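The structure appears below as structure tokens.
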Amino acid sequence: MKLASLKGGRDGRLVVVSNDLAWYSPADRIAFTLQDALDDWDVCEPELRGLAESLEHGSVPKARFHEHEAASPLPRAYQWADGSAYVNHVALVRQARAADMPDSFWTDPLMYQGGSDSFLGPRDPIPLADEAWGCDMEGEIAVVTGDVPLGATREQALAAIRLVMLCNDVSLRNLIPGEMAKGFGFFQSKPASAFSPVAVTPDALAGWKDGRLHGKLEVELNGAPLGEADAGVDMTFDFGTLVAHAARTRALAAGTIIGSGTVSNRGADGGPGKPIADGGVGYSCLAEVRTVETLLSGAPKTPFLKAGDTVRIAMVDARRHSIFGAIEQEVAAV
């Protein structure tokens, strides 16, 4: 089942989307917003599935689904916590900052709490007030949970995952070192993120296995391929582990979003990987590109995002059909 929120009001309007992303049917009679549905999932989920089946059979009113009319599936959320499940990425980025990486990072997930009061739509511009801040995209996978009890096990956490979607976790890289040096975590360096036009139930994803989404995450910069890392490979912590980590000392409310962190694959030799042009799978963010450039030549060559740059993040199935729709954003000076 595929769900989306059409733009309108703070929380959008819930619709069920056809598997080919061509059509939608309003879900107003079941739940007006996605958060409404998540709050009463046991009642709403079977009805939404029935509507989705009717939409596939053409037996309910439908309209064309246009991705540019969609907000992020949850235009705002009670909680947005982003992990760093791909420890390869963490190691590279910390290397670029000349920061040591404790061995515990391989056994205990990193996670920060981001701003969830307002997300960018998948086709909304990325506002940037100062290019000196070092604006970067981060291609990620994210899940939306139902209620998760305090102290949930990995199995309980997996069972609580309701939806899967893609994410562009925008980062202001040049602000991060100063904030981290204060010892209190990210804030100004993590502006609003964006999510894919459509969120999908795990059972509808052929690549969903044991809390990981297997499939190439396609990241483009200005129309050129930047990365095609497999989201199911080199993921040190699966989503069950990430959700359970978040729930260790607090219960999670329905509508909580948990991110994977930047999708990152090691190279065949166990190293940081190569660009697509050199036979590798590339990178899901510019920080990795710049780190590899520094390792090879002593200094980064690729600039961070600037006004007018465009970013595209998507995933396709075995038949090259879009699964979640695409995040397509242009950086806009403000």
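The values are calculated or read from the model by the stated rules, or taken from the named source; none is laboratory data. Not measured: the values here are computed from a predicted model. Here Cβ is always computed from backbone atoms with ideal geometry, including for glycine, and neighbour counts include all displayed protein chains. When the accessible area is computed, the model is the full protein with side chains, heavy atoms only, and any ligands, DNA or RNA have been set aside. Shrake-Rupley method; radii C 1.70, N 1.55, O 1.52, S 1.80 Å.
If contacts are Cα pairs under 8 angstrom and at least 6 residues apart, what is the relative contact order of the range 210-298 in percent?
29
Give the carbon-plus-sulfur fraction of the accessible surface of the range 214-288 in %, rounded to a whole number; probe 1.4 Å, heavy atoms of protein chains only.
Whole-percent figure for carbon plus sulfur exposure: 50.
Taking the Cα-to-Cβ direction at Val60 and at Arg319 and moving 7 Å from each Cα, how far apart do the two end points lie in nm?
Using points 7 Å along Cα→Cβ, the separation is 2.2 nm.
Any lysines with Cα under 19 Å of the Lys7 Cα? List them, leaving off those in the same chain fewer than 8 positions away.
Lys7 reaches Lys62.
Cross-link candidates for Lys209: which lysines have Cα within less than 25 Å, leaving aside residues fewer than 8 places away along the same chain?
Partners within reach: Lys2.
What percent do you get for the relative contact order of the range 193-233 when only Cα pairs under 8 Å and 6+ apart count?
29
Quick one: Kirkwood hydrodynamic radius for the range 110-236, alpha-carbon pairs, angstrom, one decimal?
When all Cα pairs of the range 110-236 are included, the Kirkwood radius is 16.5 Å.
Setting aside same-chain residues fewer than 8 positions from Lys190, which lysines have a Cα under 23 Å from its Cα?
Straight-line reach from Lys190, under 23 Å: Lys182, Lys306.
With every protein chain present, what is the per residue accessible area of the range 1-42 (1.4 Å probe, Å²)?
Here the residues of the range 1-42 average 43 Å² of exposed surface.
Sorting check: for 278-286, 123-131, 192-200, 143-151, which peptide has the highest mean count of neighbouring beta carbons within 10 Å, and how do the rest follow?
With the highest mean Cβ count within 10 Å placed first, the list reads 192-200, 278-286, 143-151, 123-131.
Based on the Kirkwood radius over alpha-carbon pairs, what is the Stokes-Einstein translational diffusion coefficient of the range 158-199 at 25 °C with 0.890 mPa s viscosity, in µm²/s?
Estimated via Stokes-Einstein, D reaches 199 µm²/s.
Rounding to the nearest 10 and keeping the result within 0 to 90°, find how far the Cα-based axis of helix 286-297 lies from the longest principal axis of the chain.
20
Gain in length, Glu330 to Arg94, computed as 0.36 nm per residue apart minus the alpha-carbon separation, to one decimal in nm?
Between Glu330 and Arg94, full extension yields 82.2 nm more.
Would you mind giving the three semi-axes, in whole Å and largest first, of the ellipsoid equivalent to the chain according to its Cα gyration tensor?
Each semi-axis is the square root of five times an eigenvalue, giving 31, 22, 19 Å.
Would you calculate a helix-derived [θ] at 222 nm for the chain, using -39,500 (n - 2.57) for each DSSP H run of n ≥ 4 and dividing by the full residue count, to the nearest 500?
My calculation for the chain gives -5500 deg cm²/dmol from helical runs alone.
How large is the accessible surface per residue of the range 163-246, computed with a 1.4 Å probe and reported in Å² as a whole number?
Ligands and nucleic acids excluded, the result is 37 Å² per residue.
Helix 41-57 sits at what angle to the longest principal axis of the chain, using alpha carbons and giving 0 to 90 degrees rounded to 10?
Between the helix axis and the principal axis of the chain, the angle is about 80 degrees.
State the three equivalent ellipsoid semi-axes of the range 56-140, derived from the C-alpha gyration tensor as the square roots of 5 times its eigenvalues, in descending order and whole Å.
Output for the range 56-140: semi-axes of 35, 19, 13 Å.
Explain nothing, just the number: relative contact order of the chain, from Cα pairs under 8 Å at least 6 residues apart, as a whole percent.
23
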